[in-house]
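*Asks:* Submitted below is the structure of interest, expressed as C-alpha cells.
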Amino acid sequence: MPNIAVYIEQSGGTAKKVAWQMTAEARRLVDRTGGEVWAVVLGDAAGAAEAGRHGAHRVFTASGDAFARYDAETWTRALAAFVAARRPDLLLVGATATGKDFAPRLAARLDAACVSDCVGLDFDGGFRLRRPIFAGKCYAEVAVEAPVAVAGVRPNAFPLFAGGGADAPAESFDPGLGGFAPHAAVVETLTSAEKKIELTEAEVIVSGGRGLKEAANYQLIETLAAAMGAAAGASRAIVDAGWVPHSHQVGQTGKTVSPKLYVAVGISGAIQHLAGMSSSKCIVAINKDPNAPIFKAADYGIAADLFEVVPALRDAIAALD
Amino acid sequence: MKIAVCVKQVPDSETRITLAAPGPELDRSGFTRVLNPYDAFAVEEAVRIKERLGADCEITAVTIGSDRAVETLKKDCLAVGCDRAIRVNEPALENAEPLQTAKVLAAVLRRGAYDLILTGKQAIDDDSAQVGPMLAELLDCSQATVVTKLELGEGVFTATCEIEGGAAVVRGSLPAVVTCQKGLNEPRLPSLPNIMKAGMKPQETLTCADLGLEIPAARTRVTTYSPPPPRAACRMVAADDPAAAARELARLLRDEAKVI
C-alpha cells in the first residue's frame, strides 16, 4: 500500500495548479491500491487549506523564517527530513522552475530514484512512471527500483480531483534546519513587464513561425493569443532570427508544451518543433503550403495566407457565444 | 580559477525516433551524435570567463562516454578553448540514469578543486535536467539552474535564472554548479586549425576503478519505449474564403474539439 507525498508549491499564498493535479492523480491511484496521499507544505500553509478537497488525506507543514525565500538547499533538507520521518514511497514535485531546481538535489540526498516530467503514474507492486523523452518523440515507461522515488510531474498532465474529498487533518513536522545556512539563495525575483501567460502552464498557445515574414508581424500572434486568453509561442527559426526572445521558443531546444489547444501559424513543422508540441490535445495549423509537415501533426488545418486567416480567426472567436 | 564543464554527446535535434511498436529497447544505432546544445552554452561561458581572467584560469571538459565521445571533446570543447579533457569510459554507464552519471562526475570533480562547474540545463535526449542539481548536492555546494546571465566576484557568483513569467536572481558562494540556458551567450564554432591543435591538449581516460568507485547502481529501469499516441488525420477546412474558414474553424474548436 503505497503512501504518496505531494509537495504543494505556492505562489503568493495560493497553491500552484499542478499541486492539485498531483494530489488528484495520487488519490485516484491510492483509491485503487490502498495507501494515503499526503500534502506537504513548506512555509506559509495558507495555500494548503483546501488540500483535502483536492484528494489529500493528510497535510504536513513546516514553517519558519528559513522558508521566507527560496533556495534549493533548504528545500532539499526540509523535504529530506520529511521523507526520513514519514517514509512515503513516492514524493511528487511539480515540474516547475522551482520543482526542477530542487527535486534532483533532493533525490541525490536521499539516494532515491528520480524521474522527471512524468505524465503517467501507475503502481503494480512498484511504481511505473510514464514520461516523454527526446522532447516527446518517444515515451518511456520507467520502473522504480528503489525504496523511495522523487518524481517530477508535468503541469496539465492530470485532471483535478472530482471525488469531493473531506477535510484533511494537518500536523507540523520538523524540517531539521537548526542553524542551517545555504550556500546560495534567490535574492530577487524579476517579473516580465508585460503580464504574460507562461507557455508551460498555458491551456491555449498560439505560436508563430517564419511564415510571418518579419519581426513586426509577430504582433498578429500576440493579438490572436490575447483574444484567446492564450500564451504566445514561437518556432526556433524566428527566435534564432532575433524576432522574439528564447523564452517563447517551443521545441526540442525550447519549451515542451502540452496545452489543450495549440495553434501553429506560419510554422512549417520541423521535427524539433513537432517534438515540443505534439502532445498538445488539439493542434491547429495555419500555413500557406498545403504540403507543410505541420499538417501531418495537426487535427485541424487551414491551408491559406495567414495574413488573411489570423485576423479573421480573431474576429470569429470574438463573435462566438 | 579552475572551471569544469560537464558535457554529454546526444543525438541531434533532427533525429527521428523510429519505433514500430512498444518494446524494451530503443534502436540508437542510426543516430547522428553531437554535443548537447545546452552544454555548448556551458563551454562557451567557461571560455569567455577564461578570456576575461587570462592565464590564471584553467578549463577542464569532463564527459562520460565511449570512444565515440572523443570527437565531441576534441572538436566542441578543446578546439574552442578548453584546456584539457577527462573522459570516463565505462560501457556499463552507456544510457546511465542521471544519478549514476552525477555520482561518477562528482568522483571526477572531487579530484580537482574546481571553483565553478558548468553544464547544460538539460540533455536533449532523456530531458531529465537532473545532473546539475545532483552534482551540487553530492559536492555540497551552491547551485543555479537554467541560467541566462552569470557574474563572478571574489568567491561569489550572481546568476539570473529563467523562471515562469520572469527571472530569479540567485547569489551565493563558490564553488557552484551552474546549468546553462540558451540566451547566456552565443557559442562560437571551432576553427579548422584549432581542431588540428586540439589533439595536442592533454586528454585523460578513466574507468570507475581508477576513481576508486564501484559502478553506481541504477535506481530506475526503463521497461518500455513506445511511440507517441497516434493522431487522427488532419481535417482540412476549406480555405477559399478566409473569413468563412476562420468561422468554421472557430465553430469546430468550440463544438467538436471542445477546446475553446
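Each value in this text was obtained by applying a stated rule to the coordinates, not by laboratory testing. In this text, all values refer to a predicted model and were calculated from it rather than measured experimentally. Neighbour counts are summed over all protein chains in view; Cβ atoms, including those assigned to glycine, are modelled from backbone coordinates with ideal geometry.
*Asks:* Kindly identify the protein assembly as shown as rounded, prolate or oblate by the Cα gyration tensor criterion: order the square roots of the eigenvalues as a ≥ b ≥ c, call it rounded if a/c is under 1.5, otherwise compare a/b with b/c, prolate if a/b is larger, else oblate.
*Replies:* oblate
*Asks:* Any chance you could get the radius of gyration and Dmax over the Cα atoms of chain B, in Å?
*Replies:* 22.0, 72
*Asks:* Another one. Karplus couplings for the range B:240-256 from phi (6.51 cos²θ - 1.76 cosθ + 1.60, θ = phi - 60°), rounded to Hz, Gly and Pro as x?
*Replies:* After applying 6.51 cos²θ - 1.76 cosθ + 1.60, I find 4, 10, x, 5, 5, 4, 5, 5, 5, 4, 4, 5, 4, 5, 7, 8, 9 Hz.
*Asks:* Do any cysteines of chain B lack a neighbour Cys whose Cβ is under 4.7 Å away, and which are they?
*Replies:* For chain B, the answer is B:Cys6, B:Cys57, B:Cys141, B:Cys161, B:Cys180, B:Cys208, B:Cys234, because their Cβ atoms have no other cysteine Cβ under 4.7 Å.
*Asks:* If you take all C-alpha pairs in the range A:60-157, what percent of them are over 22 Å apart?
*Replies:* Taking all Cα-Cα pairs of the range A:60-157, the fraction more than 22 Å apart is 29 percent.
*Asks:* Among all the lysines, which ones have a C-alpha under 22 Å from B:Lys75's C-alpha, if same-chain residues fewer than 8 places away are not counted?
*Replies:* The qualifying lysines are B:Lys2, B:Lys8, B:Lys50, B:Lys121, B:Lys182, B:Lys197, B:Lys201.
*Asks:* What range in chain A is the longest one free of GluC sites (Glu not before Pro) that are in a loop by DSSP and have at most 11 other Cβ atoms within 10 angstrom?
*Replies:* A:1-193
*Asks:* Turning to a different aspect of this structure: Could you give the longest part of chain B that holds none of the GluC sites (Glu not before Pro) found in DSSP loops with at most 16 neighbouring Cβ atoms within 10 Å?
*Replies:* B:26-93
*Asks:* Convex hull volume of the Cα atoms in the range A:4-172, per residue, in Å³?
*Replies:* Output value, Cα hull per residue: 106 Å³.
*Asks:* Which percentage, to the nearest 5, of the DSSP beta bridges contained in chain A is antiparallel?
*Replies:* Taking every DSSP beta bridge within chain A, about 20 percent pair in antiparallel fashion.
*Asks:* Karplus couplings for the range A:111-116 from phi (6.51 cos²θ - 1.76 cosθ + 1.60, θ = phi - 60°), rounded to Hz, Gly and Pro as x?
*Replies:* In residue order, the calculated couplings are 6, 9, 5, 9, 10, 8 Hz.
*Asks:* While we're on this one: Based solely on its DSSP helices, what 222 nm [θ] is calculated for chain B when runs of n ≥ 4 H residues each add -39,500 (n - 2.57) and the sum is averaged over all residues, nearest 500 deg cm²/dmol?
*Replies:* After summing the helix terms and dividing by residue count, I get -6500 deg cm²/dmol.
*Asks:* Let me ask another. Compute the relative contact order of the range B:1-81 as a whole-number percentage, counting only Cα pairs closer than 8 Å that sit 6 or more residues apart in sequence.
*Replies:* 44 percent
*Asks:* If you don't mind, there's one more thing I want to ask. Counting DSSP beta bridges with both partners in the range A:165-263, what percentage is antiparallel, nearest 5?
*Replies:* Counting only bridges with both partners in the range A:165-263, antiparallel ones make up about 0 percent.
*Asks:* What are the ³J(HN,Hα) couplings of the range B:111-118, residue after residue, when phi is run through the Karplus curve with 6.51, -1.76, 1.60 and θ = phi - 60°? Round to Hz, x for glycine and proline.
*Replies:* So the J values, rounded to whole Hz, are 6, x, 8, 7, 8, 9, 10, 10.
*Asks:* Can you say what percent of the DSSP beta bridges in the protein assembly as shown, counting only those with both residues inside, are antiparallel? Round to 5.
*Replies:* Once the DSSP bridges in the protein assembly as shown are tallied, antiparallel ones form about 35 percent.
*Asks:* Which of the listed residues, B:Val146, B:Cys57, A:Phe295, is farthest toward the dipole's positive end in the protein assembly as shown, when Lys, Arg count +1 and Asp, Glu count -1 at the beta-carbon?
*Replies:* So the residue furthest toward the plus end is A:Phe295.
*Asks:* Given H placed 1.01 Å from N in the peptide plane, which residues other than close sequence neighbours of B:Lys149 have an amide H under 5 Å from its amide H?
*Replies:* For B:Lys149, the qualifying residues are B:Thr160.
*Asks:* At most 14 other Cβ atoms within 10 Å and a DSSP loop assignment: could you name the trypsin sites (Lys or Arg not before Pro) in the range B:1-88 that fit?
*Replies:* Passing sites in the range B:1-88 are B:Arg16, B:Arg28, B:Arg68.
*Asks:* With a cut-off of at most 15 other beta carbons within 10 Å, and DSSP calling the residue loop, which trypsin sites (Lys or Arg not before Pro) in the range A:189-253 qualify? Please list them.
*Replies:* Of the trypsin sites (Lys or Arg not before Pro), the ones in loops of the range A:189-253 whose Cβ has at most 15 other Cβ atoms within 10 Å are A:Lys195, A:Lys213.
*Asks:* With runs of 4+ DSSP H residues as the only contributors, calculate the mean residue ellipticity of chain A at 222 nm using -39,500 (n - 2.57) per run, divided by the residue total and rounded to the nearest 500.
*Replies:* Taken over chain A, the calculation gives -8000 deg cm²/dmol.
*Asks:* If the only charges are +1 at each Lys and Arg Cβ and -1 at each Asp and Glu Cβ, what is the size of the charge dipole of the protein assembly as shown around the Cα centre, to the nearest 20 debye?
*Replies:* That gives a dipole near 500 debye.
*Asks:* Show the residues, 5+ positions off or on another chain, whose built amide H is closer than 5 Å to the amide H of B:Ala129.
*Replies:* For B:Ala129, whose amide H was placed from the backbone, the distant partners under 5 Å are B:Ala123.
*Asks:* Could you list, bin by bin from short to long, the percent of Cα-Cα pairs of the range A:199-319 in 10 Å steps?
*Replies:* Per 10 Å bin, starting at 0, the Cα pair percentages come out as 16, 54, 30, 1.
*Asks:* Pick from A:Gly178, A:Gly254, A:Gly233: which residue has the top mean-square fluctuation in a GNM of chain A where Cα pairs under 10 Å get a spring?
*Replies:* Residue with maximal mean-square fluctuation among A:Gly178, A:Gly254, A:Gly233: A:Gly178.
*Asks:* I need to check one value: relative contact order of the range B:113-260, counting alpha carbon pairs closer than 8 Å and at least 6 residues apart, in percent.
*Replies:* Relative contact order comes out at 18 percent.
*Asks:* For chain A, what is the convex hull (Cα atoms) projected area averaged across all directions, in square nanometres?
*Replies:* 17.7 nm²
*Asks:* Name the long-range amide H neighbours of A:Leu121: under 5 Å, sequence gap of 5 or more, or other chain; modelled H, no Pro or chain starts.
*Replies:* Residues meeting the amide H criterion: A:Arg130.
*Asks:* So if I place +1 on the C-beta of Lys and Arg and -1 on the C-beta of Asp and Glu, and nothing else carries charge, what would the dipole magnitude of the range A:57-126 be about its Cα centre? I want it in debye, nearest 20.
*Replies:* Magnitude of the dipole: close to 240 debye.
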